[in-house]
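The values are calculated or read from the model by the stated rules, or taken from the named source; none is laboratory data. Because the structure is predicted, anything quoted here is derived from the model rather than measured. Using ideal geometry, Cβ is built from the backbone for each residue, glycine included, and neighbour counts are taken over all protein chains shown.
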Amino acid sequence: MVERSLRQLLILGANSVGIKRRTNPIAQPGTWLGGMLARKPGMLVRVVLANKLARIVWALMARGGLQGSGRGGDISR
């Protein structure tokens with residue numbers, strides 16, 4: 001049950017990025033997300049972004065934090 005709730009929250013977060021794509025810097029043309037939005041249907045891109053966010057969260061939990069990543073939370077790559 002927890003996995004389902006977490007999945008829904010991640011998709012909701014990705015949905016908010018998709019809705020605000022005109023003002024959100026990570027969804028601008030030329031970025032990973034902007035390119036996906038230009039090629040694929042919006043809902044598919046939101047689920048892909050939610051999956052990417054889930055992998056980032058899992059990696060942070062597995063490694064115990066940022067530990068000198070140097071990227072500063074940039075998910076546009």
Inset, instruction - Quickly run through segment 14-55 and pick out the residues that are surrounded by 17 or more Cβ atoms within 10 Å (Cβ to Cβ), among the small types (Gly, Ala, Ser) and either farther than 27 Å from Gly65 by Cα or in contact with a strand residue (DSSP E or B) (Cβ under 8 Å, 6 or more places away or on another chain) (or both). - result: Gly34
Inset, instruction - Could you tell me whether segment 1-13 includes any residue that is surrounded by 16 or more Cβ atoms within 10 Å (Cβ to Cβ), on the phi < 0 side of the Ramachandran plot and either at pLDDT below 85 or out of contact with any strand residue (DSSP E or B) (no Cβ under 8 Å at 6 or more places or on another chain) (or both)? - result: yes
